[in-house]
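Working notes, structure below.
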Amino acid sequence: MNSLRGQIAVVTGAAQGLGYAIAKAYVAEGAKVALLDIRGEILQEVAAEFNRSGGDVLPITVDLSNANDTQAAIDTVLEHYGTPRILIHNAALLITRSMLEITLEQWQREVNIILQAAFILSKAVWKPMIDAGGGSIVYLSSGSGYKGFIEEVAYNPGKHGIEGLMKCLALEGKEFNIAVNCATPGAPINTPMSDSNYTDEQKTRWVDPVLLAPAFVFLAQQDGAGLTGHRVAARADGTWDAIDLL
Ligand SMILES: NC(=O)c1ccc[n+]([C@@H]2O[C@H](COP(=O)([O-])OP(=O)(O)OC[C@H]3O[C@@H](n4cnc5c(N)ncnc54)[C@H](O)[C@@H]3O)[C@@H](O)[C@H]2O)c1
């Protein structure tokens, strides 16, 4: 349980669901983990739980739809821990609304959490990772990153957007030894987001997101010479498969 010993990781959306499961796995593997989430109270409880188990974590309450607040949060991480080896941008918001219903403000909020935050966080760690000799960046994608779904007027283009950003940065990151990948749950997962959006039939098949965590430990260990430019589907049996998108 030492595969990430002493390494620094940033996990967004770490208060619950898949982000919580990823952060927990990283703490168990010995990483120091910055936990970013808008749900401050739950985040403090999660941080206390991780610290009780011997972890070294930094909880930061932040609204990732806000550019200035997102920048301030990652600046705090850099000041506190130094350069992260791993950035997992997992936070997202999915509120299904049709084109007739959605407002510009609602659209911007969802897209900003997914795509603008991916840019700001990656930009902030990019040069430090180059100076440190490499790193691994992962964006949480979805079937919505490559297929269309009705009433995902904001989430759909947000997830397509991070897949595009990933493809560009994977190419640019190669010479700097930085891996950039997208990951998607390869199994329906039991999280608060799924609870709001899954059908009863889907809920009969969903699995604990902790089962997907091994794929994220593997992704954390990648660099420009390893797996990069892929969409990785994390499976419930601890395995994963990857599609080359470059
Ligand atoms: N649940 C699924 O089946 C599923 C399927 C495909 C992809 N995904 C992706 O996996 C990731 C995790 O999903 P989940 O099911 O755990 O979701 P979730 O809603 O249970 O958790 C998301 C986390 O992001 C945080 N968050 C939301 N808005 C934020 C903001 N403005 N600022 C900071 N933090 C914010 C939430 O507080 C929460 O802790 C997401 O990127 C999602 O799109 C999930």
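The values are calculated or read from the model by the stated rules, or taken from the named source; none is laboratory data. Computed from a prediction, not measured in an experiment: that's the story for all the values here. Using ideal geometry, Cβ is built from the backbone for each residue, glycine included, and neighbour counts are taken over all protein chains shown. Accessible surface is based on the protein model in full, side chains and every heavy atom, while ligands, DNA and RNA are left aside. Shrake-Rupley method; radii C 1.70, N 1.55, O 1.52, S 1.80 Å.
Scanning segment 168-191 for residues that are crowded, with 19+ Cβ neighbours inside 10 Å, among the small types (Gly, Ala, Ser), within 10 Å of the ligand (Cβ to nearest atom) and closer than 19 Å to Ala14 by Cα turns up at least one hit.
Quick grid of which residues meet (1) in a helix (DSSP H, G or I); (2) among the charged types (D, E, K, R); (3) farther than 30 Å from Gly133 by Cα:
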{"position": "Ser144", "(1), (2), (3)": "yes, no, yes"}
{"position": "Ile150", "(1), (2), (3)": "no, no, yes"}
{"position": "Gly161", "(1), (2), (3)": "yes, no, no"}
{"position": "Met166", "(1), (2), (3)": "yes, no, no"}
{"position": "Leu169", "(1), (2), (3)": "yes, no, no"}
{"position": "Glu175", "(1), (2), (3)": "yes, yes, no"}
{"position": "Ala179", "(1), (2), (3)": "no, no, no"}
{"position": "Ala187", "(1), (2), (3)": "no, no, yes"}
{"position": "Ser194", "(1), (2), (3)": "yes, no, yes"}
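Give me the pairs, please: first residue somewhere in segment 60-84 and open to solvent by 40 Å² or more (accessible area, probe 1.4 Å), second residue anywhere and within 9 Å of the ligand (Cβ to nearest atom) and β-branched (Val, Ile, Thr), beta-carbon distance under 6 Å, and either six or more positions apart or on two chains. Cβ pairs passing all conditions: Asp63/Ile38; Asp69/Val62. If I ask for residues that are within 16 Å of the ligand (Cβ to nearest atom), assigned to a strand (DSSP E or B) and either closer than 22 Å to Ala220 by Cα or of a type in the set (Lys, Arg) (or both), which ones from segment 45-85 would you list? The answer is Val57, Leu58, Pro59, Ile60. Looking at segment 132-139, can you tell me whether even one residue there is of a type in the set (S, T, N, Q), in contact (Cβ under 8 Å) with a residue 60 or more places away in the chain and assigned to a loop (DSSP other than H, G, I, E, B)? Within segment 132-139 (the criterion being of a type in the set (S, T, N, Q), in contact (Cβ under 8 Å) with a residue 60 or more places away in the chain and assigned to a loop (DSSP other than H, G, I, E, B)), the answer is no, since none of the residues qualifies.
Conditions tested, residue by residue: (1) farther than 16 Å from Leu87 by Cβ; (2) at pLDDT 95 or above.
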site: Ala132; (1), (2): no, yes
site: Gly135; (1), (2): no, yes
site: Glu152; (1), (2): yes, yes
site: Ala187; (1), (2): yes, no
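Among the residues of segment 14-44, the ones that are within 15 Å of the ligand (Cβ to nearest atom) and open to solvent by 10 Å² or more (accessible area, probe 1.4 Å) come to 13 in all.
Would you pick out the residues in segment 86-117 that are buried (at least 18 other Cβ atoms within 10 Å of the Cβ), among the hydrophobic types (A, V, I, L, M, F, W, C) and part of a helix (DSSP H, G or I)? Result: Val111, Ile113, Ile114, Leu115, Ala117. Only a single criterion out of (1) among the aromatic types (Phe, Trp, Tyr); (2) under 24 Å from Ala31 (Cα atoms); (3) open to solvent by 20 Å² or more (accessible area, probe 1.4 Å) is not satisfied by Trp206, namely (2).
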